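S.K.: So that we are looking at the same thing, I have put the structure below in structure tokens.
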Amino acid sequence: MNVLNIQNLTKKYGTITAVNNLSLTIQSGEIYGLLGPNGSGKTTTLGMILGIIHPKNGNYEWFEGQYQEHDARKRIGTLLETPNFYPYMNALQNLEIVALIKKAKNVPYDDLLKLVNLHHRKNSPFKTYSLGMKQRLAIAAALVGDPDVLIFDEPTNGLDPQGIAEVRETIRSIANQGKTIIMASHILDEVEKVCSHVAIIKNGNLLATGTVGSIISNDKQIDVAAENNKALQNLLTTHPMVSKIKFDNQILTLSADESLTASEINRLCFENNITLTHLIVKKKSLEAEFLEITS
Amino acid sequence: MVLHLLKLEWKKLVTYNLFRILVALYIALLPLGFLIGRGIQLPEETGGTISFYTFPKVWQALGYAGNWMSFFFLGFLGVLLVTNEFSYKTLRQNLITGMSRKEYFFGKYIFMIAVSIAAALYYAIVALGVGFYYTDYVIIERVMENIDFIPKFFLMSFAYMNFAFLLGILLRRMGLALFLYFIYTLLIEMVLRYFFHAKIFGEDSASRNYYPLNAFEDLAPFPIPDIGPSSEMPNFFLEPNLAVILTLVYSGIFTFIAYQVFMKRDL
């Protein structure tokens, strides 16, 4: 089933286009990463599909339009940017407000608070919590009413390494229950580790979308240099296994097919009277892929 | 759905200290502030201060005392009802969690109406208590004579809160909205009425009394002591029915603006 279908969503703030003609579809059970640098339009996109920002153009549909818009949101657990709670209420009271809005019955408050390791502080006011605790309460709140879909916007933002590990672990365990997860992040490592699918956004434009495996192509990255880089570039440009060459700082960076080996390049160059001064083979990371796509 | 939304608003506020303080002060100060006025000496021919504490004048006199209470405490409540949720970002969280904008807005109005009903009932109880205590010979017709002040008290409380709520929606920040609420009521409208309006339309134009906060206030105006049968209504008061009509019209306009702004705004 289509959990979410976005078509041509556009948002402008004055002359700035925050989101430009964005379309994508998310299927049930996917762990979908929205990847992009800060300010790329991820949160604006999430704000629009959650009904708090009015799009200029385009539309979206949750659960193939089975429910009214705000009722659809009752089936979605969301952690958007910062955790927003009533500061004078304790954890339990804040979760009760969420349950009341979602009209959720028999909410296992104790289990939820144990899951996010806040049970011992459930009676302290929210304003006394550390950032990590606030974030964890927001995750518990997102789980109230056993939603089908979870949205996490920069879920590990501002957390310490232990907090980051805990949050990722929690997200993975939620994913294992078969729920659909949409996660916005500017951290590639996070998306690579957690997500099954990814959409890459920059300046409000969708640059690439697909499974994490397909976005991380099997290309490898080979850095080479020679005394005569011009000749080297001319030689390698014609090579069928080299898809792309970038020249930067006296080093040529090749995107090459997986089967292309270092010795083969070395031999080819030597046969053409070019001696290499530099040759390194790297497995291309999502990071490199990302920079390539977004630059 | 009405009860569900009312419960939600109540749950949001019942644990909030400032709300508890405002309610407690309202409950305490309405009768106390009124009874302190008992110490004021008035000339004998007006019937003395005691006339304000007996039926039927107690309705208007306590209404005027409550006028200030509602203006201050319920106006404060109207502002914080929405500005808090802007600053905590819980408004956007409520929508994200699953409320529609309409529901949210409707919930706030249900709550304001409920508070106004409670305020009017409390006013009625205090007025009856004070009236029965001070009136030597209670005649039921005299008790019922000014009973229309109960619905007027409700309307007045709602109108103050609604105006404050509108400012909260427009300005989003509690301090700013409160400041404008008080400064408009106590100063700006006076300047508009007695300076600009008088200059444009003449000193004696009745229309200078048609301003919104004046209309709300004149639902329970200052009780002029009876000096004799010839005493006339001073020209800075609205005719009572006109005050009701104007309050309804202004409240409708304010609600409409608040709704339009709220529905269209990005959060």
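Only the coordinates and a few stated rules stand behind these numbers; no lab work does. This one's a predicted model, so the numbers in the text were calculated from it and none came from an experiment. Please note: Cβ atoms are built from the backbone with ideal geometry, for glycine as well, and neighbour counts cover all protein chains shown.
S.K.: Rounded to two decimals, what is Rg over Rh for the protein assembly as shown when you use alpha-carbon atoms and the Kirkwood radius? Could the numbers behind the result be given before it?
M.R.: Working: Rg = 33.6 Å, Rh = 28.4 Å.
Rg/Rh: 1.18.
S.K.: Which residue fluctuates most in the GNM of chain A (Cα springs below 10 Å): A:E169, A:E264, A:E30?
M.R.: Comparing A:E169, A:E264, A:E30 in a Gaussian network model of chain A, the most mobile one is A:E264.
S.K.: For a 27 Å ceiling on Cα separation, which of these pairs sit above it: A:K103/A:K134; A:K105/B:K264; A:K134/B:K264?
M.R.: Details: A:K103/A:K134 23 Å; A:K105/B:K264 32 Å; A:K134/B:K264 30 Å.
Long pairs (Cα-Cα over 27 Å): A:K105/B:K264; A:K134/B:K264.
S.K.: In degrees, nearest 10, range 0 to 90: what is the angle between the Cα axis of helix A:91-102 and the longest Cα principal axis of chain A?
M.R.: With rounding to tens, the tilt is 90 degrees.
S.K.: If each DSSP helix of 4+ residues adds -39,500 (n - 2.57) and the sum is divided by the residues in chain A, what number results at 222 nm, nearest 500 deg cm²/dmol?
M.R.: -9500 deg cm²/dmol
S.K.: Moving on. Count charges around B:L246 for me, please; just the other residues with Cβ under 12 Å from its Cβ, Lys/Arg as +1, Asp/Glu as -1.
M.R.: -3
S.K.: Here's another thing I want to ask about it. If you build a Gaussian network model of chain B, linking Cα atoms that sit under 10 Å apart, which residue out of B:L213, B:L77, B:L170 swings the most?
M.R.: B:L170
S.K.: Just how large is the dipole of region B:2-264 about the Cα centre, in debye to the nearest 20, putting +1 at every Lys and Arg Cβ and -1 at every Asp and Glu Cβ?
M.R.: 1720 debye
S.K.: A follow-up question, please. Taking K and R as +1 and D and E as -1, what net charge do the other residues with C-beta under 14 Å from the C-beta of A:L206 add up to? Before the final figure, lay out the partial values.
M.R.: Details: positive: A:K11, A:K42, A:K202; negative: none.
The answer is +3.
S.K.: Going toward the positive end of the dipole of the protein assembly as shown, with +1 on Lys and Arg Cβ and -1 on Asp and Glu Cβ, which of B:I50, B:N146, A:I187 do you reach last?
M.R.: So the residue we want is A:I187.
S.K.: Another question, if that's okay. Taking the Cα centre as origin and putting +1 on Lys and Arg beta-carbons and -1 on Asp and Glu beta-carbons, what dipole magnitude results for region A:2-215, to the nearest 20 debye?
M.R.: My answer is approximately 440 debye.
S.K.: Find out how many positive minus negative residues lie around A:L279, taking Lys and Arg as positive, Asp and Glu as negative, among other residues whose Cβ is under 14 Å from that of A:L279.
M.R.: 0
S.K.: Please identify the DSSP H helices in chain B that span no less than 30 Å along the helix axis (Cα) and have a mean Kyte-Doolittle hydropathy of 1.0 or more.
M.R.: Correct list, ordered by number: B:101-134, B:149-171, B:240-264.
S.K.: How high is the relative contact order of region B:81-174, in percent, counting Cα pairs under 8 Å that sit 6 or more residues apart?
M.R.: 54 percent
S.K.: Given the options B:L42, B:L167, B:L81, which has the most mean-square fluctuation in a GNM of chain B, springs set between C-alpha atoms less than 10 angstrom apart?
M.R.: Of B:L42, B:L167, B:L81, the most mobile in the Gaussian network model is B:L42.
S.K.: Roughly what angle does helix A:161-175 make with the longest principal axis of chain A, taking Cα atoms, 0 to 90 degrees, to the nearest 10?
M.R.: 80 degrees
S.K.: On to the next question. Sorted from largest down, give the three principal axis spans of the alpha carbons of chain A, whole angstrom values.
M.R.: Rounded to whole Å, the extents work out to 76, 43, 36 Å.
S.K.: Can you list the residues, at least 5 places off or on another chain, whose amide H is less than 5 Å from the amide H of B:F55, using H built in the peptide plane?
M.R.: Residues meeting the amide H criterion: B:T135.
S.K.: How fast does chain B diffuse by Stokes-Einstein, in µm²/s, taking the Kirkwood radius from C-alpha pairs at 4 °C and 1.567 mPa s?
M.R.: For these conditions, the coefficient is 65 µm²/s.
S.K.: Checking the table A:K114/B:K7; A:K102/B:K102; B:K7/B:K108 against a 22 Å threshold on Cα-Cα, which pairs fail?
M.R.: In this structure, A:K114/B:K7 lie more than 22 Å apart at Cα.
S.K.: Which whole-Hz ³J(HN,Hα) couplings does region A:261-274 yield from phi under the Karplus relation 6.51 cos²θ - 1.76 cosθ + 1.60, θ = phi - 60°, glycine and proline marked x?
M.R.: Result, rounded to whole Hz: 9, 5, 5, 5, 5, 4, 4, 4, 5, 4, 4, 9, 6, 10.
S.K.: Okay, moving on. Below 8 Å, C-alpha to C-alpha, sequence gap of six or more: please give me the relative contact order for chain A in percent.
M.R.: On the way: 529 pairs, mean separation 59.3, N = 295.
Reported relative contact order: 20 percent.
S.K.: Can you compute the charge dipole magnitude of the protein assembly as shown about its Cα centre, using +1 on each Lys and Arg Cβ and -1 on each Asp and Glu Cβ, nothing else charged? Give it in debye, rounded to the nearest 20.
M.R.: Numbers: 49 positive and 48 negative charges, 115 e Å.
Charge dipole, the protein assembly as shown, about its Cα centre: 560 debye, nearest 20.
S.K.: To continue, here is another question. In terms of modelled amide H atoms, which long-range or inter-chain residues lie less than 5 Å from the amide H of A:N205?
M.R.: Amide H to amide H, under 5 Å and 5 or more residues apart or across chains, A:N205 pairs with A:N20.
S.K.: Over region A:2-215, what is the percentage of antiparallel beta bridges among all DSSP beta bridges, to the nearest 5?
M.R.: 55 percent
S.K.: Here is a follow-up. Distance between Cα centroids, region B:134-158 to region A:236-287: provide it in whole Å.
M.R.: Between the Cα centre of region B:134-158 and that of region A:236-287, the gap is 94 Å.
S.K.: Hey, another quick one. Could you pull out every residue, at least 5 positions away or on a different chain, whose amide H is within less than 5 Å of the one on B:S100? Hs are placed 1.01 Å off N in the peptide plane, and Pro or chain starts have none.
M.R.: none
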